[in-house]
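See structure below.
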């Protein structure tokens, strides 16, 4: 698990069309330097999310996340 405040973020789309965020080492990202709230959370991504961060496609695009297969 890792936090990310610099560098490229990557994502994998799930069945619901949301994007699970990973770092360049394909490790789950647990915090991002952003006020965007992950799916199902009312806390910003800058706070620790031990189960990882999942964003909507729209929010992932705002952060320039590279989505697998797109």
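Only a single criterion out of (1) in a strand (DSSP E or B); (2) at pLDDT 95 or above is not satisfied by residue 37, namely (1). Filtered by the rule that a residue be surrounded by 15 or more Cβ atoms within 10 Å (Cβ to Cβ), touching a residue at least 40 places away in the same chain (Cβ under 8 Å) and farther than 18 Å from residue 15 by Cβ, the stretch 37-64 gives a lone residue, 63.
Select from the stretch 13-28 the residues that are out of contact with any helix residue (DSSP H, G or I) (no Cβ under 8 Å at 6 or more places or on another chain) and in a loop (DSSP other than H, G, I, E, B) and write down the one among them that is surrounded by the most Cβ atoms within 10 Å (Cβ to Cβ). Checking each candidate, the answer is 23.
The values are calculated or read from the model by the stated rules, or taken from the named source; none is laboratory data. Fair warning: this is a prediction, and the values are worked out from it, not measured in the lab. In this analysis, Cβ positions are derived from the backbone assuming ideal geometry, glycine residues included, and neighbour counts consider all displayed protein chains.
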